[in-house]
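Single-structure report; data block below.
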Amino acid sequence: MNMSITERISSGIEGLDILLQGGMIKNTINSIVGSSGTGKTTVALAYIYQGLLEGDHTLYLSFEETPSKLIAGAESLGIRIKEVSQNFTELIHLVESEKIVEFMTNILPALAQKLKHKNVRHTRIILDPLTPILWEFPSEKEQRKVLTKIYQHLSSLGTVLQTVEEPNAFGQTDIGAIETRVPIYLSDTVVHIQNLGLGGKYNRTCKIVKSRRTAHHEGIFPMHFAQGSGIAIDTSSIQVEYNDPLVYDTRYNELMKKVKQMSKDKDPKKRIIAQIAKNLLNDRQEKGDKIELVDALTSPQILQEVKK
Amino acid sequence: MSDGFGISSELSDLIHLDDVEAAILFRIDGNVINSAFKEQHSNDILRTIQWCKANVEKVSLEMKTNNLAKVTYELNNFCVLFSVVNNVTILTTLATKTANLSLLSIETKRKSMLISTSL
């Protein structure tokens, strides 16, 4: 399995990109699973905010909350959506419950096709929460059929983040519950967020249940609501164990900046070199060596030779 | 020093004690927060760890209900000592059957207190 050719996007959540080895893979289905009050919608809002900052096209489909309520919630946590989006009222679309089936089976695929023809570079799609859709299709067989179709359309369009409500009894959570089984099974990445309601550092945590094509970090990591980013995940335990150059090494960051600049160059040769360098930098297996290689590859002498 | 590193160093200290095979910090729902193992551990210990993971929720509920600070089990040629760290976490020390339980109990309690300052 080659993990180096995957292009990733930032989730906008502090710490989550570290756990996912650089962020979410483009054009994948990512699920945030958690019971009520764990912070699923906050994650979704931070994700859309990051998209707005990066100039991505965004499509936020809310199946419960009104757009004004969601934006007010985001603003209260310091996620300044209003500041970065001029048409923030059109940013979030409320899908009424009686129209869910029609929307998901007819309107959404048509919308996906329309956006595809518009040549939109990349779209961040948010389904928040997916649970009412699952209720419309009680049998797992039907859920699988409908979701597979929806995911095919959406993942061809952009990177999907969906929130899934998890059944919660007496403060306990159940990731394997029937209600969450199908979306978990079909998702590329599943992030489980929990709140035991007992206080302390490990009361509210985040765990990567699965992430295809990613050597993600294992275990549970403390999580808390943070002013500005909405939610922050404490990854200090892994930051000490592994000095991951992908995130911490200033040299890596400098090179990445250089490579990004090169990828916009008029010269197609330089753009090819930039792509190779980007792929090399995304490979975390032999991080140290790869940084040296990219450094040499993007050196002015080599670029001069290529130009000749 | 980060909190995560503080916890791992406390767990590593524990496994340096004679007869201690593993030290695991569990959250009460069975999730592992941090762990340390003797370099050459036997395969038998894996079965015991699996048992700990499956039962930590039940044990912690029992400890909470009866206000117990520590509980000891003997199974699969190991003794397992559960010690409450805080509301959410529980320290589990796995040692061989021949371990000095009194000494182990004192040391586990001391480590629980030290770890609780990081949480």
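A:Y248 falls short on exactly one of the conditions (1) within 14 Å of another protein chain (Cβ to nearest Cβ); (2) modelled with pLDDT under 75; (3) not in a loop (DSSP other than H, G, I, E, B), and that condition is (3).
Scan the stretch B:40-94 for residues that are in a helix (DSSP H, G or I) and among the hydrophobic types (A, V, I, L, M, F, W, C) and the total you get is 10.
Taking the stretch A:187-212, which residues are within 22 Å of A:Y151 (Cα to Cα), buried (at least 16 other Cβ atoms within 10 Å of the Cβ) and not β-branched (V, I, T)? Correct list: A:S187, A:D188, A:H192, A:S211. The set of residues in the stretch A:82-105 that are in a helix (DSSP H, G or I) and either within 27 Å of A:Y151 (Cα to Cα) or in contact with a Gly (Cβ under 8 Å, 6 or more places away or on another chain) (or both) comprises A:F88, A:T89, A:E90, A:S97, A:E98, A:K99, A:I100, A:V101, A:E102, A:F103, A:M104, A:T105.
Condition check ((1) in contact with a strand residue (DSSP E or B) (Cβ under 6 Å, 6 or more places away or on another chain); (2) at pLDDT 90 or above; (3) over 15 Å from B:V32 (Cα atoms); (4) not aliphatic (A, V, I, L, M)) across all residues:
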residue: B:N67; (1), (2), (3), (4): no, yes, yes, yes
residue: B:C79; (1), (2), (3), (4): yes, yes, yes, yes
residue: B:S83; (1), (2), (3), (4): yes, yes, no, yes
residue: B:L91; (1), (2), (3), (4): yes, yes, no, no
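Scoring A:S76 on the criteria (1) in contact (Cβ under 8 Å) with a residue 12 or more places away in the chain; (2) polar (S, T, N, Q); (3) under 28 Å from A:C206 (Cα atoms) leaves a single failure, condition (1).
The residue that is farthest from the other protein chains (Cβ to nearest Cβ), counting only those in the stretch A:195-239 that are more than 18 Å from the chain's Cα centre (by Cα) and polar (S, T, N, Q), is A:Q227. For the stretch A:156-166, how many residues meet the condition of being small (G, A, S) and within 13 Å of A:L59 (Cβ to Cβ)? So the answer is 1.
So in the stretch A:156-179, with the set limited to residues that are of a type outside the set (A, V, I, L, M) and at pLDDT 90 or above, which one is surrounded by the fewest Cβ atoms within 10 Å (Cβ to Cβ)? The selected residue is A:E165.
May I ask you to verify whether B:I7 is part of a strand (DSSP E or B) and either over 13 Å from the mean Cα position of the chain (by Cα) or within 27 Å of A:N195 (Cβ to Cβ) (or both)? No: the conditions fail for B:I7. Residue count for the stretch B:1-56, restricted to those that are within 14 Å of chain A (Cβ to nearest Cβ) and without any contact (Cβ under 8 Å) to a residue 24 or more places away in the chain: 6. Within the stretch A:122-144, the residues that satisfy the criterion of being part of a helix (DSSP H, G or I) and either more than 13 Å from A:V101 (Cβ to Cβ) or among the aliphatic types (A, V, I, L, M) (or both) are A:T131, A:I133, A:L134, A:E140, A:K141, A:R144.
Go over the candidates A:S68, A:S36, A:S31 one by one and state the one that is among the small types (G, A, S), surrounded by fewer than 20 Cβ atoms within 10 Å (Cβ to Cβ) and touching a residue at least 60 places away in the same chain (Cβ under 8 Å). The unique qualifying residue is A:S36. Looking across the stretch A:82-131 at every residue that is under 15 Å from A:Q162 (Cβ atoms) and in contact with an Asp or Glu (Cβ under 7 Å, 6 or more places away or on another chain), the one that is surrounded by the most Cβ atoms within 10 Å (Cβ to Cβ) is identified as A:R124. Taking the conditions (1) part of a helix (DSSP H, G or I); (2) of a type in the set (A, V, I, L, M); (3) touching a helix residue (DSSP H, G or I) at 6+ places or on another chain (Cβ under 7 Å); (4) within 23 Å of A:M24 (Cβ to Cβ) in turn, A:I79 satisfies each one other than (1). So is B:V71 free of Cβ contacts under 8 Å to residues at least 60 places away in the same chain and among the β-branched types (V, I, T) or not? So B:V71 fits the description; yes.
Would you say A:E166 is within 14 Å of chain B (Cβ to nearest Cβ) and touching a helix residue (DSSP H, G or I) at 6+ places or on another chain (Cβ under 8 Å)? Yes: the conditions hold for A:E166. Residues in the stretch A:138-155 that are farther than 22 Å from A:L115 by Cα and surrounded by fewer than 18 Cβ atoms within 10 Å (Cβ to Cβ) were compared, and the one that is nearest to the chain's Cα centre (by Cα) is A:R144. Take B:L104 and tell me if it is of a type outside the set (S, T, N, Q), out of contact with any helix residue (DSSP H, G or I) (no Cβ under 6 Å at 6 or more places or on another chain), part of a helix (DSSP H, G or I) and more than 25 Å from A:V209 (Cα to Cα). It is true that B:L104 is of a type outside the set (S, T, N, Q), out of contact with any helix residue (DSSP H, G or I) (no Cβ under 6 Å at 6 or more places or on another chain), part of a helix (DSSP H, G or I) and more than 25 Å from A:V209 (Cα to Cα).
Conditions tested, residue by residue: (1) of a type outside the set (F, W, Y); (2) surrounded by 14 or more Cβ atoms within 10 Å (Cβ to Cβ).
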residue: B:H16; (1), (2): yes, no
residue: B:K53; (1), (2): yes, yes
residue: B:V59; (1), (2): yes, yes
residue: B:F82; (1), (2): no, yes
residue: B:V85; (1), (2): yes, yes
residue: B:T93; (1), (2): yes, yes
residue: B:N100; (1), (2): yes, no
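The values are calculated or read from the model by the stated rules, or taken from the named source; none is laboratory data. Quick caveat: nothing in here was measured; it's all calculated off a predicted structure. Virtual Cβ from ideal backbone geometry, glycine too; neighbours counted across all protein chains shown.
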